[in-house]
1. Could you calculate the contour length gain from Met141 to Arg170, that is, 0.36 nm times the residue separation minus the distance between their Cα atoms, to one decimal place in nm?
2. Taking springs between alpha-carbon atoms closer than 10 angstrom, which of Leu165, Leu126, Leu118 fluctuates most in the Gaussian network model of the chain?
3. To the nearest 0.05, how large is the calculated FRET efficiency for Lys204 and Leu85 if R₀ is 41 Å and r is the Cβ-Cβ distance?
4. Using the heavy atoms of the protein chains and a 1.4 angstrom probe, tell me the accessible area per residue for the stretch 1-116 in square angstrom.
5. Work out the FRET efficiency for Asn74 and Arg104 from their Cβ-Cβ distance, taking R0 = 35 Å, and round it to the nearest 0.05.
6. Quick one: Cα convex hull volume of the stretch 23-136, Å³ per residue?
7. Kindly sort Phe181, Phe83 by accessible area of their heavy atoms, largest first, with the probe set to 1.4 Å.
8. Measure up Lys9/Lys70; Lys144/Lys175; Lys70/Lys109; Lys70/Lys160; Lys9/Lys175; Lys70/Lys175 against 23 Å on the Cα-Cα distance and list the ones that go over.
Amino acid sequence: AHVALLMEKLPGWELRYYDDNRMRDIIVANCTAREKAAFFRINPRYGPARADFLRYVLMRTVGGCWLDMKSGWNHPEALEKYFPLPPLVLCNWDNANRKGECGRYDVYKRGEIQNWNLMSAPGHPLWYILMNQVVENIETMNGKGKEVVLNITGPLAMSKVFYPLLPRYRHLLVKQREAGFVYDVVGNHEQKQGSMGMGEHYTKLKE
């Protein structure tokens, strides 16, 4: 029902789903040998880390708008006041989430850049730079649980790469509510992992 409502609000858009099999096919078809090796080093139980990798490859390759399955875009018209949009549209949390953890990289003092919503023209140079850093992170860092994912493949890794470089490129950086995005439209997603057939949540993993 959530997806059907979303598509009603986006006439003319094409909706694409990505399951594990399709993700692997896209990685194999669009990544370098080094990138593929890095992707397959990620523990498969850390699905969000692999999904991070996928979304960056998709932004680099085909562009468009990425949304996590639990997330929504309730008011696409909210961005109309910024038309024509620049090649890169990014969002922050409304409360400057993890502001301190972005540290010296956070030139705008806006906190973590979200990666559950992304909007980009294909082939933007920042995705190539980010992918190189994510691959290096996978090759050189290790650990378990949520914080490691945030810093190796996730939004903190992305924020640290993007912030120093954003001033060089035309972009739009707005708060998520101003853009009309909603993080979780189905309820508390962590409590629903079992019913969604996803097993133990990755934040609880000990491996």
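The values are calculated or read from the model by the stated rules, or taken from the named source; none is laboratory data. If you're wondering where the values come from, they're calculated on a predicted model, not measured in any experiment. Cβ: placed from backbone, ideal geometry, glycine included. Neighbour counts: every protein chain shown. With ligands, DNA and RNA removed, areas are computed over all heavy atoms of the protein, side chains included. Shrake-Rupley method; radii C 1.70, N 1.55, O 1.52, S 1.80 Å.
1. Residue separation times 0.36 nm, minus the Cα-Cα distance, leaves 7.3 nm.
2. In this elastic network of the chain, the residue with the biggest mean-square fluctuation among Leu165, Leu126, Leu118 is Leu165.
3. 0.60
4. In whole numbers, the stretch 1-116 has 53 Å² accessible per residue.
5. Efficiency computed from Cβ-Cβ geometry: 0.50.
6. About 135 Å³ per residue, rounded to a whole number.
7. My answer, sorted largest first, is Phe83, Phe181.
8. Listed pairs above 23 Å: Lys144/Lys175; Lys70/Lys109; Lys70/Lys160.
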